[in-house]
Amino acid sequence: MSKQAPRRALIVIDVQNEYITGNFRIEYPPVASSLPNIAKAIDAANANGVPVVLVKHVLPADAPIFAEGSVGAELHPDVAGRPHDRVVTKVLPSTFSSAGFDDWLKEHEVDTLTVIGYMTQNCNDATIREAMHKGYRVEFLPDAAGSLSYQNKAGRATAEEMHRIITVIMESAYAATMSTDEWVENLNDPVPVACDNIYYSNLRAHGKM
């Protein structure tokens, strides 16, 4: 990996009222801890010249969640009220589905995406995977993110299970995972942070490293 300082952008995904006070509330980690960390990361980015992109997921007006024009679809005030460089709107999980997003990153010579926000197992996961496939370095701050639980014909998974497992998967190949405090500290002396790899991750699981 190059030792050149990363040219980061902070991608703040879907920190909308729906997830906090609406019909689709984040369960793990609790919003009481993740939302302050999201705010801390935005403040640190602004203080260190890292561009901040706020992302909104908006669905048709008759949708049960994120309905266009609804209070639930609006960005939470703790995010919307902080300085930011761009707001993008999407209807699919990956932020790259928003027209012009990738072009904006290239125009600003961004090579590293730091992903925070909601949900870990859906829009964060999709954005991180696509970013890695497109050749970006990616960082993920799991304590500034969150999940909720699912049950369907494939089974049931708690919010904690999904958040933990997706974080392990991200670190194995897609994104360097770190705490918000570790990321803020890195901004003081920016260096690239590498994720693990699938082979070493598997060896560790069997006590071979």
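Observations on the model:
- Sorted by Cβ density within 10 Å, fewest first, the residues PHE96, PHE140: PHE96, PHE140
- Annotation: the residues THR112, THR21, sorted from fewest to most other C-beta atoms within 10 Å of their own C-beta, follow the order THR21, THR112.
- Per-residue Cβ neighbour counts within 10 Å put TYR174, TYR118, TYR150 in the sequence TYR150, TYR174, TYR118, beginning with the fewest.
- Mean Kyte hydropathy of -1.0 or more with a Cα span along the axis of at least 20 Å, helices from DSSP in the chain: 31-47
- Two-site FRET efficiency, ALA173 against ALA32, from Cβ-Cβ distance with R₀ of 30 Å, rounded to 0.05: 0.45
- Cα centroid separation - region 150-190 against region 1-80, whole Å: 15
- Among ALA63, ALA39, ALA173, the largest mean-square fluctuation in a Gaussian network model of the chain (Cα springs under 10 Å) belongs to ALA63.
- Amide N proximity, region 96-125 versus ALA157 label position 7 Å along Cα-to-Cβ, cut-off under 15 Å: 119-125
- Gain on full extension, evaluated as 0.36 nm per residue between GLU109 and ARG25 minus their Cα-Cα distance, stands at 26.7 nm.
- Partner aspartates and glutamates for LYS40 [C-alpha distance under 13 Å; skip if fewer than 8 residues away on the same chain]: ASP78, ASP143, ASP181, GLU182, GLU185
- Most tightly packed first, judged by the mean number of other beta-carbon atoms within 10 Å of their residues, the peptides 50-62, 123-135 read 123-135, 50-62.
- Calculated SAXS-style log₁₀ I(q)/I(0) at q = 0.16 Å⁻¹ - region 8-205, Debye, Cα scatterers: -1.01
- Simple label model, 7 Å out from Cα along Cβ direction - ASN48 to ASN188, nm: 1.0
- Unsatisfied cross-links (Cα-Cα over 27 Å) in the set LYS3/LYS208; LYS56/LYS106; LYS3/LYS134; LYS3/LYS90: LYS3/LYS208; LYS3/LYS90
Every read-out reported here was derived from the displayed coordinates using simple, explicitly stated rules and does not represent laboratory data. Note that the structure is a prediction, hence the values are computed from the model and not measured. Cβ sites come from the backbone with ideal geometry, for glycine too, and all protein chains shown count toward neighbours.
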